[in-house]
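So the structure is just underneath, and the comments pick up after that.
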Amino acid sequence: MALHILSFKRVNQGGFTLIELLIVFAIAGIIASTVTAAIYQTISGSARNTSHMTAVKQVENAIHWLRRDVQMAQTVQPSEGSGFPLSLTWTEWDNKVNQVIYSLIDSQLQRSHSIDGEAVAGMMVAKYVESDPTMTSCNFIGGVLTFKLTATLYAGSQTISETRVGEIISRPNSP
């Protein structure tokens, strides 16, 4: 009887070497980090854009109401310092006296309207308004209201501000 020695032979065994696996994991890590960074940029860019557009809309809304009221006003009286509260008055054709007062309270620009001393309406015309007089102020000289309005929002760790500077010419008969 002959003894046969069995020998095991590796014939086309499938599998990956350790180096191949490390390369695959490295490539997958690079792809995952790139995708994560792109998603983060998209989300933070969107938040930044939303905050910027909110700041723009707040400043534009404030300017709209200021322009409307200053052009109606026969008297314009800003307070010392920042100019707020800003008092505007005019008399209508039927001798009703309108008074609008703009006040800056807790980063909100508020508008209160009264006719013949009776409150008619109160509203917030802008949020996120800077109360620092170097950022938000107005003064009235020679029939022109000069203003600077700044709204500031925060998007994550970033500060988003929108500032508008301009002039509004009042009625020709205003002092």
Any residue at all in the stretch 142-163 that is among the acidic types (Asp, Glu), assigned to a loop (DSSP other than H, G, I, E, B) and at pLDDT below 95? no
For the stretch 136-159, pairs from a residue that is free of Cβ contacts under 8 Å to residues at least 60 places away in the same chain and at positive phi to a residue that is assigned to a strand (DSSP E or B) and not small (Gly, Ala, Ser), with Cβ under 7 Å and 6 or more apart or across chains, are Gly143/Ile169
Picking from Glu20, Glu60, Glu80, which residue would you name as being acidic (Asp, Glu) and farther than 30 Å from Glu92 by Cα? Glu20
Going through the stretch 69-87 one residue at a time, which ones are farther than 15 Å from Leu109 by Cα and either surrounded by 15 or more Cβ atoms within 10 Å (Cβ to Cβ) or without any contact (Cβ under 8 Å) to a residue 60 or more places away in the chain (or both)? Val70, Gln71, Met72, Ala73, Gln74, Thr75, Val76, Glu80, Gly81
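One line per residue, one yes/no per condition, for (1) touching a Leu at 6+ places or on another chain (Cβ under 7 Å); (2) on the phi > 0 side of the Ramachandran plot:
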{"position": "Glu80", "(1), (2)": "no, no"}
{"position": "Gly83", "(1), (2)": "no, yes"}
{"position": "Ser87", "(1), (2)": "no, no"}
{"position": "Thr91", "(1), (2)": "no, no"}
{"position": "Val97", "(1), (2)": "no, no"}
{"position": "Tyr102", "(1), (2)": "yes, no"}
{"position": "Ile105", "(1), (2)": "no, no"}
{"position": "Gln108", "(1), (2)": "no, no"}
{"position": "Ala119", "(1), (2)": "no, no"}
If you take the residues in the stretch 91-105 that are touching a residue at least 24 places away in the same chain (Cβ under 8 Å) and of a type outside the set (Phe, Trp, Tyr), which one is farthest from Gly81 (Cα to Cα)? Asn98
For the stretch 102-112, how many residues meet the condition of being surrounded by fewer than 18 Cβ atoms within 10 Å (Cβ to Cβ) and not acidic (Asp, Glu)? 5
Out of the residues in the stretch 127-174 meeting the condition of being under 14 Å from Ile63 (Cβ atoms) and surrounded by fewer than 17 Cβ atoms within 10 Å (Cβ to Cβ), tell me which one is nearest to the chain's Cα centre (by Cα). Thr163
Over the stretch 35-57, the set of residues among the hydrophobic types (A, V, I, L, M, F, W, C) and either surrounded by 13 or more Cβ atoms within 10 Å (Cβ to Cβ) or within 8 Å of the chain's Cα centre (by Cα) (or both) is Ala47, Met53, Ala55, Val56
Looking at (1) surrounded by fewer than 19 Cβ atoms within 10 Å (Cβ to Cβ); (2) in contact (Cβ under 8 Å) with a residue 12 or more places away in the chain; (3) among the charged types (D, E, K, R), which one does Glu118 not meet, given that it meets all the others? (2)
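The values are calculated or read from the model by the stated rules, or taken from the named source; none is laboratory data. Computed from a predicted structure; not experimentally measured. Reconstructed Cβ throughout: ideal geometry from the backbone, glycine too, with neighbour counts over all protein chains shown.
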